[in-house]
Amino acid sequence: MASVPSTLLNTPYSTAPPLRHMHFSGLTFTRPIFTLPCTPSALRSFSVCQRSTYGPRPIPAAVLKEGVGQIKKKWSDVTSLNYWVVKDYYRLVDSVNALEPRIQSLSDDQLKAKTDEFQHRLALGETLGDIQAEAFAVVREAARRTLGMRHFDVQIIGGAVLHDGSIAEMKTGEGKTLVSTLAAYLNALTGEGVHVVTVNDYLARRDAEWMGQVHRFLGLSVGLIQKGMSADKRRLNYGCDITYTNNSELGFDYLRDNLAVSSGELVMKWPNPFHFAIVDEVDSVLIDEGRNPLLISGQATEDAARYPVAAKVAELLVRGVHYNVELKDNSVELTEEGIALAEMALETNDLWDENDPWARFVINALKAKEFYRRDVQYIVRNGKALIINELTGRVEEKRRWSDGIHQAVEAKEGLKIEADSVVVAQITYQSLFKLYPKLSGMTGTAKTEEKEFLKMFRLPVVEVPTNLPNIRKDLPIQAFATARGKWDHVSQEVEYMFRLGRPVLVGTTSVENSEHLSNLLKKRNIPHNLLNARPKYAAREAEIVAQAGRKHAITISTNMAGRGTDIILGGNPKMLAKEIIEEKLLPFLSRETPAFEFDSEVTSVKAMSTIKIGSLSTALLEKAALIAKYVGKSEGKSWTYEQAKSMISESVQLSESVNLMELRKLAEEESEMYPFGPTVALAYQSVLNDCKVHCLNEGVEVKKLGGLHVIGTSLHDSRRIDNQLRGRAGRQGDPGSTRFMISLQDEIFRKFNFDTEWAVRFISRITNDEDIPIEGDTIVKQLLALQMNVEKYFFNMRKSLVEFDEVLEVQRKHVYDLRQLILTGGAESCSQHTFQYMQAVIDETVLANVDPHKHPSSWNLQKILKDFIRLGGKLLKNSFAEVTETVLLRSLSKFDGSHPLDFTDFLPPDLPRPPNVFRGIRRKMTSLMRWLTICADDSITDGRYRLIINFLRKYLGDFLIASYLHAIEESGFDDTYVKEIERAVLIKTLDSFWRDHLINMNRLSSAVPTLAVFISAISFTCHWTQLM
């Protein structure tokens, strides 16, 4: 029998007597009882317990300590600001509850008509606050009628928190998805659009289909954005009242819209695409994923041949001799010996030679060698290196690392190297969501990051109370000196829980670790399910997670915090019913095998109880199987495995949208045509009823055993992510327990160079066995302090990224606003921008060669003429062929103040007259406006000759613009065609400037972050100020 900590065995359902567990103020660890040091000082410092030695239960002091802790917690709750904020929200709850009887008495049509009524009241001047209580009552009733779900009072509070532009912290299983319908409906009534943002496509689709029923019932349009969707469909869905999407699709749509070359390519609701957003798992989006900006890349120079060579050089270099690494920020620094060896191997005199640059390739090859590990950061599939999302554990096929890192990884693995890329557009999630005038979010874990949310986004965090008390037990962290001892103890605890029948969820941080633990459990003959980024596991993600709460279910998952499916004790009846239907029908519908393989060697299903279905369900299943067999064979139809699954899914959806009587009627009406859909829907409903009974009974058994037990196998970079994993147990008042087991060899300690040798030596002094776990305030506080240092490090990283992006944000907003103005503006607008830029170039040329305090004879007039003729090309060559520096000086000297100035047509004497194209009131007005703009320009200081400078700027600008307009008139091209050419040239030029600026900013920030931001901010702002 495997052994486990004594606190897990204090249950009436234990199969063995409770272990001896003594509590002192110091440490608790496991070792043979006969080796216990018996000195008084030792007894005061720590306690010892032996797993195979049984004794009395914990002393009453522990119970007393727990009681005191509860009193302190209740007192701190009452004295906290959150307590009074929530109490104030109960006034809204009382109003909604008071309206409920009246709203329930309305017919469906009357309830739907409430939407038009609310919109009419808003048009008459009422505010959202005036109709909030009634709107919430309407949504509550609509959800009850369409979903069979009624919002609890605490969910009404959650909806109010979202509407107020705050973050609602709601524990796992408290119904955040349903809460979002309240704020989404209320804010959609303004007609400006609401975005409900999730962390992946699956959740966006699920919520749009599930919660969208409420909004569609009430007359609002619901849109859904998915990966691979066409531009036309995206445009249609963004135009809906409420749009469900994921954070990456939203960000990339915004960037793509600002790379569009015509207004017809825009998909968002311009000119105001952002109004109100509800961000699900807001901490994951804004904090975890906030470390990396969203990038759109374009193809750069072809350097593919250099990467394999650099990879070979990296193999020659030895860490600590030829290069040094910094794990926490993934940086590499070559030593003098390393530089010399690399230069010799590459037969170059300088790695940083501009004409033969090798440094970047060698550094990237070393990074790929040291920091990017197979089955941890990426997996190799079908000849490609695919990134594993560190937050969700999922494979991201469309994502690539930038700055040549991905090519270096491909070279390391011997894969085909794809072309290098350069950034053409980028934005951070922080900057993206700051574009919303009103932003809110919901998550189960935000309180630990409250200060960051307040500082960066001005989003307060409100803890919404649970509907039922949380009775989950969070057991003390166990620390091990070695990874071997930790994994051995984890497998022992899993085995013990399996023998009890309790479901277990084990969270790991990588594919590598999850498979290591799986192998250990196989040696112990423990059936289990494995969920990580490998295709054969990832394809079954939803069903694995949904059944993780069944009796005897053992689930190992990477990055469980990123999974969106709730774990229900006893199992998910809907998923079970669908599995039974698919198992029965798929062999008849498709001869194709799944695109992924099942791990048939060990699965948790072997240990789970068989679901007994009734005779009615059996008969309906057989009937559905006969029809499937006929459809699949007699009609000669053949479907792929995915098409067949899709057909069954459609039938399941039919059963959820049509009542039983109508389904039977449909089956009878189509009896001559073999009604596959209605028959499968009827079978599903019957099987579902059987599964509900089974899951309910099994759920009761699991609760008696203690509920779901969660084991964390490593501390994450943030306490918040650890809490997300803990939150999988004890949902909606269910029992449950959690335990974290960590080793001092875990990656978090290695990566950040934390000194843990003191802990290893401490353990060695106490016991000769380094594989023994220790529990206690002293060492745990030290380890948690290290974790908090990691949090501070990543906070500073995000802060630096945000500060860097704030500089870009000012420039990005200016460029993107200008871009949208050019794209969506009229033809005359494009011409005005063209003239504006022509004048800006003239101004730059003149101002660089004059001095308002000196006579024109000291100006560089020759340079002005040369640059002016070069700018105009053929347009000006003939007109200014005879204009010399002397002629220009003589003309300007007449404006020395001794002669009256005639500003008629701004024509200086002795200089060529521009083509007469400024005819009509519109063109004359634009010419006058340019003169007023030049006079108001404060970029040059006041001086005696400033007026002459302004006059010269105006004359040369008029001549260049007039020559351009005259050339267009002479060409005979259609005016509309010319305007479109102008628009395309303006967009292409603007994009080119912006792309070059992004490249320079990223290079400078990598080299000297602070200086780069300062210098680039000044240079870019000055450049665009001149253009504008």
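Within segment 212-233, residues that are hydroxyl-bearing (S, T, Y) reach partners that are surrounded by 19 or more Cβ atoms within 10 Å (Cβ to Cβ) with beta carbons closer than 6 Å, at six or more positions or on different chains, in the pairs S221/C240; S221/D241. Quick one: what pairs do we get from segment 879-890, first residue in the same structural domain as D867 (by the TED database), second assigned to a loop (DSSP other than H, G, I, E, B), C-beta under 6 Å, 6+ apart or different chains? The qualifying pairs are S879/P912; V887/D910. From the residues in segment 268-323 that are basic (K, R) and modelled with pLDDT of 85 or more, which one is nearest to K412 (Cα to Cα)? Taking the candidates together, the pick is K312.
Listed residues Q724, Q732, Q745; which is in contact (Cβ under 8 Å) with a residue 40 or more places away in the chain, outside the structural domain of Q478 (by the TED database) and more than 18 Å from V504 (Cβ to Cβ)? Only one candidate qualifies: Q732. Scanning segment 407-416 for any residue that is crowded, with 18+ Cβ neighbours inside 10 Å, among the polar types (S, T, N, Q) and part of a strand (DSSP E or B) turns up nothing.
Residues that are over 22 Å from E980 (Cα atoms) and either touching a Gly at 6+ places or on another chain (Cβ under 7 Å) or not hydroxyl-bearing (S, T, Y) (or both) were ranked within segment 245-267; the one that is surrounded by the fewest Cβ atoms within 10 Å (Cβ to Cβ) is F252.
The rows are residues; the columns are (1) within 29 Å of the chain's Cα centre (by Cα); (2) closer than 23 Å to D280 by Cβ; (3) part of a loop (DSSP other than H, G, I, E, B); (4) polar (S, T, N, Q).
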site: V462; (1), (2), (3), (4): yes, yes, no, no
site: A479; (1), (2), (3), (4): no, no, no, no
site: Y496; (1), (2), (3), (4): no, no, no, no
site: P527; (1), (2), (3), (4): no, no, yes, no
site: L530; (1), (2), (3), (4): yes, no, no, no
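Residue check: N349 meets all listed conditions (1) farther than 30 Å from G228 by Cβ; (2) polar (S, T, N, Q); (3) in contact with a helix residue (DSSP H, G or I) (Cβ under 7 Å, 6 or more places away or on another chain); (4) touching a residue at least 12 places away in the same chain (Cβ under 8 Å) but one, namely (4).
Residue-level check: of (1) in a loop (DSSP other than H, G, I, E, B); (2) at pLDDT 85 or above, V602 misses just (2). Scanning segment 322-343 for residues that are open to solvent by 50 Å² or more (accessible area, probe 1.4 Å) and in contact with an Asp or Glu (Cβ under 7 Å, 6 or more places away or on another chain) gives a single hit, N324. Taking segment 989-1003 as the range and being at pLDDT 85 or above and either of a type in the set (D, E) or assigned by the TED database to the domain that holds D403 (or both) as the test, only D991 passes. For G383, state whether it is over 19 Å from L327 (Cβ atoms) and open to solvent by less than 10 Å² (accessible area, probe 1.4 Å). For G383, the condition - over 19 Å from L327 (Cβ atoms) and open to solvent by less than 10 Å² (accessible area, probe 1.4 Å) - is not met. Scan (1) of a type in the set (A, V, I, L, M, F, W, C); (2) in contact with a Ser or Thr (Cβ under 7 Å, 6 or more places away or on another chain); (3) closer than 18 Å to D722 by Cβ for the single condition A479 breaks and write down its number. Result: A479 passes all but (2). Of the residues that make up segment 551-561, is at least one at pLDDT 85 or above and open to solvent by 20 Å² or more (accessible area, probe 1.4 Å)? Taking every residue of segment 551-561 in turn, at least one turns out to be at pLDDT 85 or above and open to solvent by 20 Å² or more (accessible area, probe 1.4 Å). The residue that is farthest from L128 (Cα to Cα), counting only those in segment 417-435 that are in a loop (DSSP other than H, G, I, E, B) and open to solvent by 10 Å² or more (accessible area, probe 1.4 Å), is I417.
Reported count of residues in segment 114-136, each being without any contact (Cβ under 8 Å) to a residue 40 or more places away in the chain and in a helix (DSSP H, G or I), is 7. Of all residues in segment 818-868, those satisfying the criterion of being over 24 Å from F993 (Cα atoms), part of a helix (DSSP H, G or I) and open to solvent by 30 Å² or more (accessible area, probe 1.4 Å) are S857, S858, Q862, K863, K866. Only a single criterion out of (1) over 29 Å from P271 (Cα atoms); (2) at pLDDT 90 or above is not satisfied by G159, namely (1).
Scanning segment 255-314 for residues that are assigned to a strand (DSSP E or B) and of a type outside the set (D, E) returns F276, A277, I278, V279, L294, L295, I296, S297, G298, Q299. Only one of the listed residues (N200, N187) is over 20 Å from the mean Cα position of the chain (by Cα), of a type outside the set (K, R) and on the phi < 0 side of the Ramachandran plot. That residue is N187. Within segment 146-161, does at least one residue satisfy the condition of being over 25 Å from V461 (Cα atoms) and touching a helix residue (DSSP H, G or I) at 6+ places or on another chain (Cβ under 6 Å)? Yes, because at least one residue in segment 146-161 is over 25 Å from V461 (Cα atoms) and touching a helix residue (DSSP H, G or I) at 6+ places or on another chain (Cβ under 6 Å).
The values are calculated or read from the model by the stated rules, or taken from the named source; none is laboratory data. Just so you know, these numbers come straight off a predicted model, no measurement behind them. Because the Cβ atoms are built from the backbone with ideal geometry, glycine has one as well, and the counts that use them run over all protein chains shown. Surface accessibility is based on the protein's heavy atoms, side chains included, excluding ligands, DNA and RNA. Shrake-Rupley method; radii C 1.70, N 1.55, O 1.52, S 1.80 Å.
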